[in-house]
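Here is the structure we will look at.
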Amino acid sequence: MELAYYSDLAVRLVNSEEPSRGTDTLTSVEAVRALFGESQQAARRTTDADVTRLRSVRARLRAVFEAAAGGDEVLAVDLLNALLIEFPVSPQISGHETRDEDGRPDWHMHIADYAANAGAGYAATASMGLAFHLTELGADRLGICEASPCRNAYLDTSTNRSRRYCSDRCATRANVAAYRARKRLDAERSAAAERSRRQDHGPTGLTADTAQETSPAMDR
């Protein structure tokens, strides 16, 4: 099963909207067709109604990612199962068009698209791809970018399950922001320490007790 390709359809759909920034690229038939990528046959069936259909599916897929990223695997699975029930797939053995090293068909499982419309077909394929990814690699491989304000979804394919950001750009931005925050904190601590030192020693650098001892007696 082409897990990477099918699950990427879910990521692609979820990330067509950035709620925190108020942006949404899923606004036209052309935008829906672009989501299909190389699947031109399915894309050609797209109509205006599929824009609305996929916007609804997008919100539900984002909920799956958010539940998984928040550590609620059961909720993530329940939400994904609801999508699989609503948008069933038709698995099919494929391989006539590809050959292995010996020239024989490279048989593999393929998700056939027999849905009534393009939106339903996309939803079925994306949901099944995400389901395979979750069951094969774990729910903790479904993430939401931690670089504020980005909330893009991503699939963690790292060897040590360490990914936290949707892209290198967001990782760099987050690291720069963390560095600047540390520098500000260090500066604030230094300033606070300097103020405390001045209060303890006074403007001449003497402590209050020392200043009293060295000052002239008032009754002399």
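The values are calculated or read from the model by the stated rules, or taken from the named source; none is laboratory data. Predicted model, so just to flag it, every value in this text is computed and none were measured. Cβ sites come from the backbone with ideal geometry, for glycine too, and all protein chains shown count toward neighbours. Protein only, heavy atoms only, side chains kept; ligands, DNA and RNA dropped before computing areas. Shrake-Rupley method; radii C 1.70, N 1.55, O 1.52, S 1.80 Å.
One line per residue, one yes/no per condition, for (1) touching a residue at least 40 places away in the same chain (Cβ under 8 Å); (2) open to solvent by less than 80 Å² (accessible area, probe 1.4 Å); (3) among the aliphatic types (A, V, I, L, M); (4) farther than 21 Å from E73 by Cβ:
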| position | (1), (2), (3), (4) |
| --- | --- |
| V89 | no, yes, yes, yes |
| I93 | no, no, yes, yes |
| E101 | no, no, no, yes |
| P105 | no, yes, no, yes |
| H110 | yes, yes, no, yes |
| A120 | yes, yes, yes, yes |
| S127 | yes, yes, no, no |
| H133 | yes, yes, no, no |
(Q) For the list (1) surrounded by 13 or more Cβ atoms within 10 Å (Cβ to Cβ); (2) out of contact with any His (no Cβ under 8 Å at 6 or more places or on another chain); (3) small (G, A, S), I need the number of the one condition that S56 fails. (A) (1)
Q. Which condition breaks for R58 when tested against (1) under 21 Å from G143 (Cβ atoms); (2) part of a loop (DSSP other than H, G, I, E, B)?
A. (2)
Q: Considering only the range 31-49, state which residues are in a helix (DSSP H, G or I) and over 24 Å from the mean Cα position of the chain (by Cα).
A: Q40, Q41, A42, A43, D48, A49
Q | D48 within 20 Å of F87 (Cβ to Cβ) and in contact with a Gly (Cβ under 8 Å, 6 or more places away or on another chain) | A | no
Q) Which one of the conditions (1) open to solvent by 100 Å² or more (accessible area, probe 1.4 Å); (2) modelled with pLDDT of 70 or more does C170 fail to meet, given that it meets all the rest? A) (1)
**Q.** Selection within the range 87-122 - within 19 Å of H133 (Cα to Cα) and part of a helix (DSSP H, G or I)
**A.** G121, Y122
Q: Please work out which one of (1) touching a Leu at 6+ places or on another chain (Cβ under 7 Å); (2) free of Cβ contacts under 8 Å to residues at least 12 places away in the same chain is the condition I85 fails and give its number.
A: (1)
Q.
For the range 139-158, check the following and say yes or no: at least one residue is touching a residue at least 12 places away in the same chain (Cβ under 8 Å) and under 23 Å from A42 (Cα atoms).
A. no
Q. What number of residues in the range 10-40 are on the phi > 0 side of the Ramachandran plot and open to solvent by 50 Å² or more (accessible area, probe 1.4 Å)?
A. 1
